[in-house]
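J.: Quick one: the structure is below, and I'll ask about it shortly.
The values are calculated or read from the model by the stated rules, or taken from the named source; none is laboratory data. Just so it is clear, the structure is predicted and the values come from calculations on it, not from any experiment. All Cβ positions, even for glycine, are placed from backbone atoms using ideal geometry, and neighbour counts span all protein chains on display. In case anyone asks, the SASA skips ligands and DNA or RNA and just uses the protein heavy atoms, side chains included. Shrake-Rupley method; radii C 1.70, N 1.55, O 1.52, S 1.80 Å.
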Amino acid sequence: MVEATLFEKYSIDTNVIVSFLGDGPDELYPIDAFGPQWNVLEAAFKDGRAVAAKRVSTELKKWERLDRVKEWRREHRFVFRDIESDEQLAAAKMIVNRYPAYGLDMNHLGDLEVMALASVRGLTVVTLESTKQHSQARPKIPNVCEEFGIACTGFKDFLRAEGGAEIGTTPMGV
C-alpha cells in the first residue's frame with residue numbers, strides 16, 4: 001500500500017465538486033445557499049485532507065465554460081494526484097477486470113482513478129453516486145468500493161464527519 005500523506009483522508013469524486021460549481025441540474029448545492037457546506041469541503045482541500053485523482057481535473061475541463069470552474073481548477077492544482085505507483089495501476093486493473101465498463105468508456109475513467117487512489121492510499125471515496133441501478137455495464141462507485149473493500153461515503157456523511165453538528169443547522173440542511 002502506498003502511504004497517504006499525513007493528512008490525506010478522502011478521495012473526492014468529480015460529481016461532488018460539480019454539485020457546487022456546476023449549473024442547471026448538476027448544481028445540487030449552489031454556493032449561495034450551501035456556503036457552509038462548501039466551506040467544509042474547501043477547508044478539507046486546503047489542509048490536505050481531501051484530494052482528487054488527476055482524471056477529476058480532466059473531467060472538470062468540460063465545465064470550464066463556467067468561469068468559477070475554470071478558476072477553481074487553476075487555483076486548486078495542488079489537489080490533484082496522478083497515478084504514482086504500480087499498486088495504483090494494479091488496483092485499477094482489478095476493478096476493470098471485474099467491471100470492463102471502466103476500461104471501455106472515457107466517462108468512467110475518473111471513477112476508476114478515484115477508487116484506485118483511495119484503494120492504495122487507504123482513503124475514503126466521497127461521491128454523490130447512489131447504489132441504485134448498479135450493473136456490469138453501469139457500475140456505481142459505492143457498490144464497487146464495497147466489493148473491493150474500499151471505504152466510501154456519501155457527501156452528507158462526509159459533512160457530518162468533517163463539519164460537525166453545526167452543518168445540519170443551516171435553514172436548508174443537507
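J.: For residue 16, indicate whether it is of a type outside the set (Phe, Trp, Tyr), modelled with pLDDT of 95 or more, touching a Ser or Thr at 6+ places or on another chain (Cβ under 7 Å) and surrounded by 19 or more Cβ atoms within 10 Å (Cβ to Cβ). Lay out the reasoning, then the answer.
T.: Working: of a type outside the set (Phe, Trp, Tyr): yes; modelled with pLDDT of 95 or more: yes; touching a Ser or Thr at 6+ places or on another chain (Cβ under 7 Å): yes; surrounded by 19 or more Cβ atoms within 10 Å (Cβ to Cβ): yes.
Yes.
J.: Name the residues in the range 103-136 that are of a type in the set (A, V, I, L, M, F, W, C), out of contact with any Phe, Trp or Tyr (no Cβ under 9 Å at 6 or more places or on another chain) and in contact (Cβ under 8 Å) with a residue 12 or more places away in the chain, would you?
T.: Within the range 103-136, 114, 116, 117, 120 qualify.
J.: Another one. Could you list, in sequence order, the residues of the range 68-92 that are part of a helix (DSSP H, G or I), of a type in the set (A, V, I, L, M, F, W, C) and open to solvent by less than 100 Å² (accessible area, probe 1.4 Å)? Can you show your working first?
T.: Kept after step one, since they are part of a helix (DSSP H, G or I), are these residues of the range 68-92: 68-75, 77-79, 86-92.
Going one step further and asking which of them are of a type in the set (A, V, I, L, M, F, W, C), we end up with 69, 72, 78-79, 89-92.
Matches in the range 68-92: 69, 72, 79, 89, 90, 91, 92.
J.: Additional query: How many of the residues making up the range 28-46 are farther than 14 Å from residue 155 by Cα and open to solvent by 50 Å² or more (accessible area, probe 1.4 Å)?
T.: 3
J.: Do you know which of the residues in the range 54-67 that are out of contact with any strand residue (DSSP E or B) (no Cβ under 6 Å at 6 or more places or on another chain) and open to solvent by less than 100 Å² (accessible area, probe 1.4 Å) is farthest from residue 125 (Cα to Cα)? Talk me through it step by step, then tell me what you get.
T.: If we filter the range 54-67 for residues that are out of contact with any strand residue (DSSP E or B) (no Cβ under 6 Å at 6 or more places or on another chain), which is where we start, we get 55-56, 58-67.
Those left that are additionally open to solvent by less than 100 Å² (accessible area, probe 1.4 Å): 55-56, 58-60, 63-64, 66.
On the way: 55: 14, 56: 13, 58: 18, 59: 17, 60: 18, 63: 22, 64: 24, 66: 26 Å.
Among them, the one singled out is 66.
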